[in-house]
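The structure follows.
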Amino acid sequence: MYKIQDLGTAVMDYSHISRQSLFKIGLVAAVWTALGLLNSWQHHYWYSFTSHPWSWWQCIRSDMPYAYLWGIATPAILWWSRRFRLERPHLLRHLGAHVALLLVLLPLIKLVDDLIVGGPDSAFYHFMWGKLLRSMEMTFDTGTLLFAVVVGVEHALAYHDRYQNGIAKSATLQTQLVQAQLQALKMQLHPHFLFNTLHSITALVHEDPDLAERTIARLSELLRLFLANSAIHEVPLGEELRILDLYLEIEKARFEDRLRVVYDIPAAVRDAMVPSLVLQPLVENSIRHGVGRRSEPGWISIAAERYADTLVLRVIDNGAGFKDDGKKDVTRSGMGLGITRGRLDSLYGAQQSLVVRNLPAGGVEARIAMPFRVQNASRESEDHAELQNTDRR
């Protein structure tokens, strides 16, 4: 059952659409009324110099029906113009469609106008075929011009909308891309993370030189992969896990035996394309707000599943969870999760979701759903050369 709020929203949307439609109808009527009055004024002025001047009423009665018939035909012309856009690669075919409509519409409008107006000038006043043809011929040039103007205005408005939408979309995507890249680097090169890593390495230099050397190597390799991956939108899940492995190995050096990571990634989904660096913010969130706040050992589970055409990624920890502060969507409480949501929305639109929730038994689950797609085997993988050639130590 619909809630009252949903019903109110639907009524408001319908009212908005109705107002918009009424505005368009009113605008079309106003334009053709103005054109009809202009023609009436011209005829009144012209006939005033003849031996049989026309009154204002005669001029209006003669010209307004023709203008309003064009107004009635305008929606059909606009629809036809949208249906047969005069642009490549079907320019000639669509131009032929417009000519066909023109040859049908002009005689029809003139015939109906003659029936409405009547009088000696009407083709149906002492009907003769020659008179009918002359009547249609006399308005063919004007009708062609009016038809071309309507089509031209529709095309101009359509191209203007495309241009504005393109600018807005380009600006939005560019902003989101820059924010995502900067935020990813900010999270990955977070001073707190670097400080803790370097502090751990300093302590390990004397206690465990071999582990300190491996940690330094992992940090160097991780930074190189971050930079190589910063301009790539999507990577196979297997490559995303390689980066995550490096990050987790560094974190394990900090937490020693207090951090355990469990993977449940079937081989069938490792080729699925995912946003680059999509898992690292979720795992970092689990470590900082979950395992990192526990004195006893903690664990993080990273899983991937495929449901038909949907890929689901899960990051689960056994931390204390989020505090119940009344927020319905905790993904908006942190910048990292907010940027992740924005990246998912930019790449997949309504086909994605990001949900972060407290689990009944304790801990937090971050769940991402997105379309399941694999990398095109025929496409060159030059963008991923740096990732593919990385030598794990």
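Only one of I109, I72 is buried (at least 19 other Cβ atoms within 10 Å of the Cβ) and of a type in the set (V, I, T). Can you tell me which?
Details: I72 fails: buried (at least 19 other Cβ atoms within 10 Å of the Cβ).
Result: I109 is the single residue among I109, I72 that is buried (at least 19 other Cβ atoms within 10 Å of the Cβ) and of a type in the set (V, I, T).
Okay, residues lined up against (1) of a type in the set (D, E, K, R); (2) part of a helix (DSSP H, G or I); (3) over 17 Å from T142 (Cβ atoms):
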site: W54; (1), (2), (3): no, no, yes
site: S62; (1), (2), (3): no, yes, no
site: Y66; (1), (2), (3): no, yes, no
site: A97; (1), (2), (3): no, yes, yes
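For segment 343-352, state whether one or more residues are assigned by TED's automatic domain parsing to the domain that holds L211, in a strand (DSSP E or B) and modelled with pLDDT of 90 or more. Working first, answer last.
Step one: of segment 343-352, the residues assigned by TED's automatic domain parsing to the domain that holds L211 are 343-352.
Within this subset, residues satisfying the condition of being in a strand (DSSP E or B) are none.
Looking through segment 343-352, none of the residues is assigned by TED's automatic domain parsing to the domain that holds L211, in a strand (DSSP E or B) and modelled with pLDDT of 90 or more.
Something else about it: One residue is enough: does segment 294-302 have a residue meeting the conditions modelled with pLDDT under 85 and assigned to a helix (DSSP H, G or I)?
no
The values are calculated or read from the model by the stated rules, or taken from the named source; none is laboratory data. All of these numbers come straight from a predicted model, not from anything done at the bench. In this analysis, Cβ positions are derived from the backbone assuming ideal geometry, glycine residues included, and neighbour counts consider all displayed protein chains.
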